[in-house]
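Report on one structure; see the data block that follows.
The values are calculated or read from the model by the stated rules, or taken from the named source; none is laboratory data. Fair warning: this is a prediction, and the values are worked out from it, not measured in the lab. Here the Cβ positions follow ideal geometry from the backbone for every residue, glycine too, while neighbour counts run over all protein chains shown. To get the accessible areas, we keep the full protein, side chains included, count just its heavy atoms, and leave off ligands, DNA and RNA. Shrake-Rupley method; radii C 1.70, N 1.55, O 1.52, S 1.80 Å.
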Amino acid sequence: MAPRPGFVGGTGHNGAVPLYRAEAVVLRTHKLGEADRIITLLTRDHGRVRAVAKGVRRTTSRWGSRLEPFTHVDLQLAEGRNLDVITQAETLTPFSASLGADYERYTAGTVMLETAERLITEDKQPSLQQFLLLVGGLRALTSEDRVPGQVLDSYLLRSLSVAGYAPSFDGCARCGVEGPHRWFNPSAGGVLCSECRMPGSANPAGETVVLLGALLAGDWTVVASSEVRHRKEATGLVSAYVHWHLERGLRSMEYVER
Ligand SMILES: [Zn+2]
(Lines give C-alpha, C1' and ligand atoms only; values in the text may rest on other atoms or scores of the structure.)
Protein backbone atom coordinates (compact mmCIF):
# COMPACT_ATOMS: atom_id res chain seq x y z
CA MET A 1 0.00 0.00 0.00
CA ALA A 2 1.16 3.52 -0.74
CA PRO A 3 2.15 5.57 2.29
CA ARG A 4 -0.63 7.71 3.61
CA PRO A 5 -0.72 11.03 5.38
CA GLY A 6 -1.15 10.80 9.11
CA PHE A 7 -4.87 10.89 9.46
CA VAL A 8 -6.77 8.33 11.49
CA GLY A 9 -9.85 6.76 9.96
CA GLY A 10 -12.90 5.89 12.00
CA THR A 11 -13.24 7.21 15.48
CA GLY A 12 -10.73 8.95 17.70
CA HIS A 13 -9.27 7.69 20.94
CA ASN A 14 -12.38 8.35 22.98
CA GLY A 15 -14.75 7.55 20.11
CA ALA A 16 -15.99 11.15 19.80
CA VAL A 17 -14.90 12.64 16.48
CA PRO A 18 -16.31 16.13 15.95
CA LEU A 19 -18.69 16.10 12.97
CA TYR A 20 -19.88 19.03 10.90
CA ARG A 21 -22.14 19.58 7.90
CA ALA A 22 -21.11 21.52 4.84
CA GLU A 23 -22.80 22.63 1.65
CA ALA A 24 -20.07 22.52 -1.00
CA VAL A 25 -19.04 22.37 -4.64
CA VAL A 26 -16.46 19.72 -5.55
CA LEU A 27 -13.53 21.57 -7.18
CA ARG A 28 -11.05 18.78 -7.79
CA THR A 29 -10.17 15.25 -6.75
CA HIS A 30 -6.97 13.27 -6.66
CA LYS A 31 -6.02 9.73 -5.85
CA LEU A 32 -4.98 8.67 -2.39
CA GLY A 33 -3.71 5.19 -1.66
CA GLU A 34 -5.48 2.35 -3.47
CA ALA A 35 -9.14 3.20 -3.23
CA ASP A 36 -9.49 6.67 -1.72
CA ARG A 37 -9.45 10.21 -3.02
CA ILE A 38 -8.69 13.60 -1.59
CA ILE A 39 -11.60 15.86 -2.52
CA THR A 40 -10.99 19.62 -2.72
CA LEU A 41 -14.19 21.47 -1.87
CA LEU A 42 -15.37 25.04 -1.79
CA THR A 43 -17.85 25.09 1.08
CA ARG A 44 -20.43 27.70 1.86
CA ASP A 45 -19.38 28.27 5.47
CA HIS A 46 -15.85 26.90 5.87
CA GLY A 47 -14.08 28.12 2.73
CA ARG A 48 -11.83 25.69 0.89
CA VAL A 49 -11.64 22.26 2.54
CA ARG A 50 -9.62 19.20 1.52
CA ALA A 51 -11.17 15.99 2.74
CA VAL A 52 -10.75 12.27 2.26
CA ALA A 53 -13.42 10.10 0.64
CA LYS A 54 -12.74 6.50 1.57
CA GLY A 55 -13.35 3.72 -0.91
CA VAL A 56 -14.56 6.18 -3.57
CA ARG A 57 -12.52 4.48 -6.32
CA ARG A 58 -13.93 1.00 -5.71
CA THR A 59 -16.39 -0.17 -8.32
CA THR A 60 -18.83 -0.92 -5.53
CA SER A 61 -18.37 2.57 -4.05
CA ARG A 62 -21.38 3.85 -2.16
CA TRP A 63 -20.51 7.42 -3.20
CA GLY A 64 -21.50 7.12 -6.89
CA SER A 65 -20.87 10.39 -8.73
CA ARG A 66 -21.61 12.55 -5.71
CA LEU A 67 -17.98 13.45 -5.11
CA GLU A 68 -16.98 14.28 -8.68
CA PRO A 69 -15.97 17.78 -9.85
CA PHE A 70 -18.85 20.27 -10.37
CA THR A 71 -21.23 18.46 -8.01
CA HIS A 72 -23.03 20.70 -5.55
CA VAL A 73 -23.35 18.55 -2.44
CA ASP A 74 -24.51 18.51 1.14
CA LEU A 75 -21.84 16.76 3.21
CA GLN A 76 -21.16 15.51 6.65
CA LEU A 77 -17.50 15.51 7.63
CA ALA A 78 -15.49 14.23 10.55
CA GLU A 79 -12.64 16.42 11.67
CA GLY A 80 -9.29 14.71 11.20
CA ARG A 81 -5.86 15.53 12.54
CA ASN A 82 -4.69 16.61 9.06
CA LEU A 83 -7.48 16.02 6.61
CA ASP A 84 -11.18 15.79 7.40
CA VAL A 85 -13.04 12.66 6.32
CA ILE A 86 -16.31 12.72 4.36
CA THR A 87 -18.85 10.53 6.12
CA GLN A 88 -22.04 11.38 4.18
CA ALA A 89 -22.82 13.04 0.85
CA GLU A 90 -26.08 14.01 -0.79
CA THR A 91 -26.31 15.64 -4.22
CA LEU A 92 -28.03 19.03 -4.27
CA THR A 93 -27.36 19.96 -7.92
CA PRO A 94 -25.66 17.56 -10.36
CA PHE A 95 -24.01 20.30 -12.46
CA SER A 96 -21.66 17.79 -14.11
CA ALA A 97 -24.60 15.96 -15.69
CA SER A 98 -25.61 19.01 -17.76
CA LEU A 99 -22.07 20.32 -18.37
CA GLY A 100 -20.50 17.02 -19.37
CA ALA A 101 -22.42 16.82 -22.64
CA ASP A 102 -21.31 20.22 -23.94
CA TYR A 103 -17.59 20.77 -24.55
CA GLU A 104 -17.75 24.58 -24.47
CA ARG A 105 -19.75 24.69 -21.26
CA TYR A 106 -17.66 21.97 -19.66
CA THR A 107 -14.33 23.69 -20.36
CA ALA A 108 -15.70 27.07 -19.19
CA GLY A 109 -16.83 25.35 -15.99
CA THR A 110 -13.41 23.77 -15.52
CA VAL A 111 -11.81 27.22 -15.65
CA MET A 112 -14.32 28.42 -13.04
CA LEU A 113 -13.47 25.57 -10.65
CA GLU A 114 -9.74 26.15 -11.08
CA THR A 115 -10.10 29.91 -10.61
CA ALA A 116 -12.11 29.44 -7.41
CA GLU A 117 -9.45 27.14 -6.01
CA ARG A 118 -6.60 29.46 -6.99
CA LEU A 119 -8.20 32.64 -5.64
CA ILE A 120 -8.60 31.16 -2.18
CA THR A 121 -5.15 31.13 -0.67
CA GLU A 122 -5.88 29.41 2.64
CA ASP A 123 -7.97 26.41 3.67
CA LYS A 124 -10.91 26.86 6.05
CA GLN A 125 -11.08 30.64 5.65
CA PRO A 126 -14.78 31.41 5.11
CA SER A 127 -15.35 32.61 1.52
CA LEU A 128 -19.13 32.90 1.26
CA GLN A 129 -19.05 35.36 -1.66
CA GLN A 130 -16.76 33.11 -3.71
CA PHE A 131 -19.04 30.16 -2.97
CA LEU A 132 -22.16 32.05 -4.05
CA LEU A 133 -20.44 33.34 -7.21
CA LEU A 134 -19.35 29.84 -8.16
CA VAL A 135 -22.75 28.24 -7.61
CA GLY A 136 -24.42 31.14 -9.48
CA GLY A 137 -21.87 30.86 -12.30
CA LEU A 138 -22.33 27.10 -12.68
CA ARG A 139 -26.10 27.56 -12.68
CA ALA A 140 -25.84 30.22 -15.41
CA LEU A 141 -23.53 27.94 -17.37
CA THR A 142 -26.14 25.18 -17.45
CA SER A 143 -28.79 27.61 -18.68
CA GLU A 144 -29.40 27.38 -22.45
CA ASP A 145 -30.00 31.11 -22.92
CA ARG A 146 -26.54 32.17 -21.76
CA VAL A 147 -23.40 32.11 -23.89
CA PRO A 148 -20.77 30.07 -21.99
CA GLY A 149 -17.90 32.44 -22.85
CA GLN A 150 -19.79 35.39 -21.41
CA VAL A 151 -20.79 33.54 -18.26
CA LEU A 152 -17.12 32.68 -17.81
CA ASP A 153 -15.89 36.24 -18.46
CA SER A 154 -18.41 37.64 -16.00
CA TYR A 155 -17.49 35.03 -13.39
CA LEU A 156 -13.76 35.74 -13.79
CA LEU A 157 -14.16 39.51 -13.38
CA ARG A 158 -16.44 39.11 -10.37
CA SER A 159 -14.40 36.44 -8.58
CA LEU A 160 -11.22 38.49 -9.05
CA SER A 161 -13.08 41.50 -7.62
CA VAL A 162 -14.16 39.52 -4.56
CA ALA A 163 -10.52 38.40 -4.14
CA GLY A 164 -9.45 42.06 -4.04
CA TYR A 165 -8.50 42.62 -7.70
CA ALA A 166 -11.51 44.63 -8.86
CA PRO A 167 -10.85 46.14 -12.28
CA SER A 168 -11.99 49.65 -13.18
CA PHE A 169 -13.83 50.03 -16.50
CA ASP A 170 -15.09 53.53 -15.78
CA GLY A 171 -12.76 55.94 -13.96
CA CYS A 172 -9.04 55.93 -14.77
CA ALA A 173 -7.41 53.18 -12.69
CA ARG A 174 -4.47 55.50 -11.90
CA CYS A 175 -5.75 59.05 -11.37
CA GLY A 176 -9.47 58.34 -11.02
CA VAL A 177 -10.60 60.90 -13.58
CA GLU A 178 -14.04 59.97 -14.91
CA GLY A 179 -14.34 57.95 -18.12
CA PRO A 180 -15.11 56.68 -20.57
CA HIS A 181 -11.48 55.77 -21.28
CA ARG A 182 -10.11 53.73 -24.14
CA TRP A 183 -6.77 52.47 -22.82
CA PHE A 184 -6.65 49.21 -20.90
CA ASN A 185 -3.76 47.77 -18.95
CA PRO A 186 -4.08 44.71 -16.68
CA SER A 187 -1.11 45.72 -14.53
CA ALA A 188 -2.66 49.15 -13.88
CA GLY A 189 -5.96 47.53 -12.80
CA GLY A 190 -8.24 48.57 -15.65
CA VAL A 191 -8.79 51.48 -18.02
CA LEU A 192 -6.47 54.48 -18.16
CA CYS A 193 -6.99 58.06 -19.34
CA SER A 194 -4.78 59.34 -22.14
CA GLU A 195 -2.59 61.15 -19.56
CA CYS A 196 -1.94 57.99 -17.54
CA ARG A 197 -1.79 55.55 -20.43
CA MET A 198 1.18 53.22 -20.19
CA PRO A 199 3.26 51.69 -22.97
CA GLY A 200 1.76 48.41 -24.11
CA SER A 201 -1.79 49.36 -23.12
CA ALA A 202 -4.56 47.89 -25.28
CA ASN A 203 -6.84 50.30 -27.08
CA PRO A 204 -10.23 48.54 -27.18
CA ALA A 205 -13.40 49.88 -28.81
CA GLY A 206 -15.62 52.02 -26.58
CA GLU A 207 -18.36 49.36 -26.87
CA THR A 208 -15.92 46.75 -25.54
CA VAL A 209 -15.21 48.84 -22.44
CA VAL A 210 -18.98 49.20 -21.88
CA LEU A 211 -19.38 45.43 -22.30
CA LEU A 212 -16.59 44.75 -19.77
CA GLY A 213 -18.37 46.98 -17.24
CA ALA A 214 -21.63 45.10 -17.89
CA LEU A 215 -19.91 41.70 -17.45
CA LEU A 216 -18.47 42.90 -14.15
CA ALA A 217 -21.84 44.23 -12.97
CA GLY A 218 -23.76 41.20 -14.26
CA ASP A 219 -25.89 43.46 -16.49
CA TRP A 220 -27.10 40.72 -18.86
CA THR A 221 -29.33 43.02 -20.94
CA VAL A 222 -26.29 45.01 -22.05
CA VAL A 223 -24.22 41.84 -22.46
CA ALA A 224 -26.89 40.15 -24.60
CA SER A 225 -27.11 43.12 -26.99
CA SER A 226 -23.34 43.25 -27.58
CA GLU A 227 -21.74 42.49 -30.95
CA VAL A 228 -19.57 39.45 -31.52
CA ARG A 229 -16.41 41.47 -32.29
CA HIS A 230 -16.72 43.34 -28.99
CA ARG A 231 -17.33 40.08 -27.13
CA LYS A 232 -14.16 38.65 -28.61
CA GLU A 233 -12.17 41.73 -27.73
CA ALA A 234 -13.58 41.71 -24.17
CA THR A 235 -12.69 38.02 -23.76
CA GLY A 236 -9.07 38.74 -24.75
CA LEU A 237 -8.83 41.55 -22.20
CA VAL A 238 -10.44 39.46 -19.44
CA SER A 239 -7.90 36.69 -20.13
CA ALA A 240 -5.04 39.20 -19.96
CA TYR A 241 -6.40 40.53 -16.68
CA VAL A 242 -6.78 37.06 -15.15
CA HIS A 243 -3.30 35.99 -16.27
CA TRP A 244 -1.73 39.08 -14.82
CA HIS A 245 -3.38 38.62 -11.44
CA LEU A 246 -2.94 34.90 -11.09
CA GLU A 247 0.79 35.22 -11.91
CA ARG A 248 0.76 32.13 -14.04
CA GLY A 249 -2.00 31.28 -16.48
CA LEU A 250 -4.79 28.96 -15.51
CA ARG A 251 -3.95 25.57 -16.96
CA SER A 252 -7.51 24.83 -18.03
CA MET A 253 -7.77 28.14 -19.93
CA GLU A 254 -5.83 26.65 -22.85
CA TYR A 255 -8.73 24.33 -23.66
CA VAL A 256 -11.40 27.00 -23.86
CA GLU A 257 -12.18 27.76 -27.50
CA ARG A 258 -12.55 31.50 -27.79
ZN1 LIG B 1 -5.54 58.98 -15.42
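Summary table
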{"item": "Prolate/oblate/rounded call for the stretch 19-136, Cα gyration tensor, a/c under 1.5 rounded", "result": "oblate"}
{"item": "The stretch 48-179 - charge dipole about Cα centre, Lys and Arg +1 at Cβ, Asp and Glu -1, debye rounded to 20", "result": "580 debye"}
{"item": "Cα Rg, Dmax (largest Cα-Cα span) when computed across the stretch 112-247, Å", "result": "14.8, 44"}
{"item": "Per-residue SASA entry for Asp45, accessible area with 1.4 Å probe, Å² rounded to 10", "result": "90 Å²"}
{"item": "Cα-derived Rg to Rh of the stretch 81-125, Kirkwood definition", "result": "1.07"}
{"item": "Estimated dipole of the chain in Debye, rounded to 20 [Cβ of Lys and Arg +1, of Asp and Glu -1, Cα centre]", "result": "800 debye"}
{"item": "Three-way shape call for the stretch 112-186 based on the alpha-carbon gyration tensor, with the a/c threshold at 1.5", "result": "oblate"}
{"item": "Ranked packing of 105-112, 200-207, 91-98, 156-163, most packed first, by mean Cβ within 10 Å", "result": "105-112, 156-163, 91-98, 200-207"}
{"item": "Long-range HN-HN contacts of Gly190 with modeled amide H, under 5 Å", "result": "Ser168, Asn185"}
{"item": "Reciprocal of mean inverse Cα separation for the chain (Kirkwood radius, Å)", "result": "19.7 Å"}
